[in-house]
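I have placed the structure first, in the form of structure tokens, so that the comments after it can refer back to it.
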Amino acid sequence: MFKPYWGMSKDPFTKEIDVKDAFMSEDIRQVLQRLDHVRRYPGIAVITACPGSGKTLGIRIFSSGLNPNLYKVVYIKITNVSETEFFRMLAEKLGLEPSYRKGDNIRKVNERMKKLARDQKVMPVIIVDEAQGIRKGSGYFLSFQEMMNFEMDSRNYGILVLAGHPVLNDTLSLEQNEAFNQRILVSYDFQGMSGDEVGEYVRSRMLLADATPEIFDPAAVNALYECCQGSVRRLNRLCRTALLIGANEHSKTVTAETVRAAASEVSLLQK
């Protein structure tokens, strides 16, 4: 491993980072502002980002800051899950006995959310991740609309967060989804890390591991920005691979050449 060679106390480029140590990129700040708005004014939020940009981290930071005595958070990944199966899972996670019929489960979930918010003063927060998996011709959004319709659409007794890849926006823009689209309170599309943020990120991660930030020289940081394409996940893989290559070669620093070698290795691994 590269940690002893570089004098690092931990691997700072792993996804298993405590939310308190998360890097506050502009994307993360923007999504937290929007989710805080939907927390104060319950409704529907849509968060989209290219793979590896950090949308799930942003949602995790938001969720971790919610008082469990005041909020009931339910997280479901929608990948390869039918509508019927989804609402069965949602009913179970809300402590209900699920029915076999989708419509019955939607009704049960709606009533449970209303009871939690109105009677128990606990706001339900339903987080649907990987929502780009919703097929364009499906009735998911109509079902979500029904689920979120409280007292003839006059009250908001829950928060629904849909998170997915940018193709989700294309699906939402379809005419058949216009009624749901009009009900979206806030939305945000991740822009990806800037060059300055890549440098700040690498520096903060190295300090988190009690290591010298200058291990990555300035040219290496520029190469990281060019190769990561704004993706935090790809940046982490590049940094880890570059540190490993540098340690194997007994280098004093990580150079741009090392980063490019890492980028080539990562690309081979992805094929």
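Here are a few things to note about the model shown:
- For residue 201, the stated conditions do not hold, so it cannot be described as within 23 Å of residue 29 (Cβ to Cβ), without any contact (Cβ under 8 Å) to a residue 60 or more places away in the chain and assigned to a helix (DSSP H, G or I).
- Residue within the range 53-65 that is open to solvent by less than 40 Å² (accessible area, probe 1.4 Å) and of a type in the set (Val, Ile, Thr) present: yes
- Within the range 89-115, being farther than 15 Å from residue 127 by Cβ, open to solvent by 70 Å² or more (accessible area, probe 1.4 Å) and part of a helix (DSSP H, G or I) holds for 92, 107, 111, 115.
- With respect to (1) open to solvent by 20 Å² or more (accessible area, probe 1.4 Å); (2) in a loop (DSSP other than H, G, I, E, B), the lone exception for residue 185 is condition (2).
- Filtering the range 1-39 to residues that are open to solvent by 60 Å² or more (accessible area, probe 1.4 Å), more than 30 Å from residue 125 (Cα to Cα) and charged (D, E, K, R) leaves 3, 10.
- Flag for residue 225 being in a helix (DSSP H, G or I), among the aromatic types (Phe, Trp, Tyr), under 22 Å from residue 33 (Cα atoms) and modelled with pLDDT of 95 or more: no
- Scanning the range 218-268 for residues that are within 29 Å of residue 56 (Cα to Cα) and without any contact (Cβ under 8 Å) to a residue 12 or more places away in the chain, we see that the one that is surrounded by the fewest Cβ atoms within 10 Å (Cβ to Cβ) is 268.
- Residues located in the range 116-155, provided they are exposed (fewer than 14 other Cβ atoms within 10 Å of the Cβ) and part of a helix (DSSP H, G or I): 118, 119
- For the residues 202, 186, the requirement of being under 20 Å from residue 33 (Cα atoms) and either β-branched (Val, Ile, Thr) or in contact with a Ser or Thr (Cβ under 9 Å, 6 or more places away or on another chain) (or both) singles out 186.
- Residue 91 closer than 22 Å to residue 139 by Cβ, small (Gly, Ala, Ser) and under 26 Å from the mean Cα position of the chain (by Cα): yes
- The range 21-66 - residue that is polar (S, T, N, Q) and in a loop (DSSP other than H, G, I, E, B) and, of those, nearest to the chain's Cα centre (by Cα): 53
- Some residue of the range 207-219 being touching a strand residue (DSSP E or B) at 6+ places or on another chain (Cβ under 9 Å) and within 30 Å of residue 143 (Cβ to Cβ): no
- Index of the failed condition, residue 161 passing every other in (1) more than 23 Å from residue 94 (Cα to Cα); (2) in contact (Cβ under 8 Å) with a residue 24 or more places away in the chain: (1)
- Residue in the range 32-50 that is touching a residue at least 24 places away in the same chain (Cβ under 8 Å) and farther than 21 Å from residue 183 by Cα present: yes
- Among the residues examined, residue 164 qualifies as of a type in the set (Gly, Ala, Ser) and closer than 30 Å to residue 143 by Cβ.
The values are calculated or read from the model by the stated rules, or taken from the named source; none is laboratory data. None of these values were measured; they are calculated from a predicted model. Cβ sites come from the backbone with ideal geometry, for glycine too, and all protein chains shown count toward neighbours. Heads up: the accessible areas ignore ligands, DNA and RNA and are worked out on the full protein's heavy atoms, side chains in. Shrake-Rupley method; radii C 1.70, N 1.55, O 1.52, S 1.80 Å.
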